[in-house]
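This report refers to the structure that appears directly beneath it.
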Amino acid sequence: MPTTIDHGFRWWAMAHPDRLMIASAGVSVTYAELNAWVGRVARRFADLGMKPGDRVVICAENSIEWCVAVLAAIRTGGMSAGVSTRLVRSELDWLVGDYAPRILVHDDGAMDKVSPPSGGTLVHVDEIAALRDAPAADVRLDLNDSDVVVIVTTSGSTARPKGVMYSNRAIIEHNAWQVLSDPLTGPYRRLLVAPMSTSAGIVPFLHCLLSGGTAYLESKFDAEVALRLVTEEKVNVITGAPIFFQRMADLPQFEEADVRHLDIAHTGGATVVRPLLDKWASKGVILRQMFGQTESGGTGVINSREHAMARPEMCGGMMMFTDVAVVDADGNTLPPGEQGEIVLRGPGMMTGYWNNPEATAKAIHNGWLHTGDLGVMDDLGLVRMVDRMKDIIISGGLNISAAEVERVIYELGVEEVAVIAAKDERFGEVPMAIVHGGTLPETDHIIAHCDTHLSRFKVPRYLIRSKEPLPRLTSGKISKPALRTLYSGDGPLPPPVR
């Protein structure tokens, strides 16, 4: 069956050629224009040696050219793998070596961090832009619904990032599931502000494309711009962290803004506080808590409108075609009220991790995705997330692997290091490193080393030099719960190191 993203895209371009598909940075592209543009770029990729199964790595800020590169990679039977523009050169070098791309697409901001991949070619986004008005060209291949088309790079809980693989079928089924679960009252108009390299960026974009919708693509979140697009362009789908909705609600113009058409306002990563929930509800919009992760397509379960108001601390329960459960260490389902690991099964699940079958086997058992997050189910079958089993710090909506930061600091000869989350008014959480023993460099040297080998948002904001060995669990592992009690509770924080 031709159930592929490219087939759906071609159909919309034929059936509704003049419909607006993307608006970004003052540029608008219809479905027909985008289809022709993607054809030219796909032909160019093929001429550069792109073959089915090859990878296109993209390191660039959000743009229409980013979207074109993804769709061109899919059309040539390949996979796109977005990587964050915040990566430093050593991080990017490791990922490029792992993905081994045929083509590496970049913009000016990544110019000093990228080199031609082994056996591949560098392509600047300006080259993609120039092909918009080039002579017509295209590529036509027999594509399969099981083909992996997108790899999303995620920090995970290990010292190295992992690549989450999605097939045509996973993305199409996930979109169909959301359309059935959350029908819209008007034409699909979606605001996209998350980096396209994340599941919060690329998956919603492809959903919008498959639904014949219009994507309003921004390079970053700006509350005033977001509220203007919601009101003037009648945007009716937004997914984001609660802070996005808080910043819009804090604007003076929010009081007079008409946002009643915003059918889908999904939020995750933090609890929606009652005042924020009530403020949007008074405008006719229900902020609905969701639970998921990149491995589940970004979204796993979503609270209903009724439960979002009555039980906003919950993240939803069983949905059409999606199951959620809380299990113990042996995989046994736990009764309501007992804490365990949240597991999911349903549409949108990853095919696996790129080049990492061992991690894939640990994550998926008998069709269930083991999320690594602790939760409790209530008497209605709704799940509440309690804590992360995986040691992830979420800073401004971006995931930071504590193990990755620890690995970099260990390179300095430190005997013990633990990285935990410290509360932050602006970003929610920031990294705090506690170090002890060994050849303990000066604080400035540790931070400078992190600056060299880590993206800026991953570098510890606080660094504590412990005179005593770090507390340990009976297993011998450093006790992060004990460290959180000592250093990142409600007490005062030490002076920041940056």
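The values are calculated or read from the model by the stated rules, or taken from the named source; none is laboratory data. Worth saying up front: this structure is predicted, and the values here are computed from it rather than measured. Note that each Cβ is placed from the backbone with ideal geometry, even for glycine, and that neighbours are counted across all protein chains shown. When the accessible area is computed, the model is the full protein with side chains, heavy atoms only, and any ligands, DNA or RNA have been set aside. Shrake-Rupley method; radii C 1.70, N 1.55, O 1.52, S 1.80 Å.
A compact table of results
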item	result
Criterion violated by Ser167 - all others in (1) open to solvent by less than 20 Å² (accessible area, probe 1.4 Å); (2) closer than 25 Å to Val405 by Cβ satisfied	(2)
Any hit, the stretch 210-222, residues being aromatic (Phe, Trp, Tyr) and farther than 21 Å from Leu20 by Cβ	yes
Residue in the stretch 400-412 that is assigned to a loop (DSSP other than H, G, I, E, B) and either of a type in the set (A, V, I, L, M) or over 23 Å from Ala241 (Cβ atoms) (or both) present	yes
Qualifying positions in the stretch 368-384 - buried (at least 19 other Cβ atoms within 10 Å of the Cβ), aliphatic (A, V, I, L, M) and assigned to a strand (DSSP E or B)	Leu369, Met377, Val383
Long-range neighbours under 7 Å by Cβ, at least six apart or interchain, first residue touching a residue at least 12 places away in the same chain (Cβ under 8 Å) and closer than 18 Å to Asp145 by Cβ within the stretch 1-21, second small (Gly, Ala, Ser) and in a loop (DSSP other than H, G, I, E, B)	Trp12/Gly212
Meets criteria (open to solvent by 20 Å² or more (accessible area, probe 1.4 Å) and over 30 Å from Val96 (Cβ atoms)) for Glu338	yes
Tally, over the stretch 1-34, of residues that are assigned to a helix (DSSP H, G or I), under 17 Å from Glu65 (Cβ atoms) and open to solvent by 50 Å² or more (accessible area, probe 1.4 Å)	1
Subset of the stretch 209-244 (residues that are touching a residue at least 40 places away in the same chain (Cβ under 8 Å) and part of a helix (DSSP H, G or I))	Leu209, Leu210, Pro242, Ile243, Phe244
Residue check for Leu184: open to solvent by 30 Å² or more (accessible area, probe 1.4 Å), part of a loop (DSSP other than H, G, I, E, B), of a type in the set (A, V, I, L, M, F, W, C) and in contact (Cβ under 8 Å) with a residue 40 or more places away in the chain	yes
Filter result for the condition that a residue is open to solvent by less than 30 Å² (accessible area, probe 1.4 Å) and more than 30 Å from Ala257 (Cα to Cα), over Val301, Val343	Val343
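Every residue, every condition in (1) aromatic (Phe, Trp, Tyr); (2) within 27 Å of Gly201 (Cα to Cα); (3) open to solvent by less than 70 Å² (accessible area, probe 1.4 Å), yes or no:
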| position | (1), (2), (3) |
| --- | --- |
| Val386 | no, yes, yes |
| Ala403 | no, yes, yes |
| Ser455 | no, yes, yes |
| Lys458 | no, yes, yes |
| Ile464 | no, no, yes |
| Glu468 | no, no, no |
| Pro492 | no, no, no |
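So that you can scan it fast, the table gives a plain yes or no per residue for (1) assigned to a strand (DSSP E or B); (2) closer than 24 Å to Val301 by Cβ; (3) in contact with a helix residue (DSSP H, G or I) (Cβ under 8 Å, 6 or more places away or on another chain):
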position	(1), (2), (3)
Ile128	no, no, yes
Val150	yes, yes, yes
Val164	yes, yes, yes
Asn175	no, yes, yes
Gly201	no, yes, no
His207	no, yes, yes
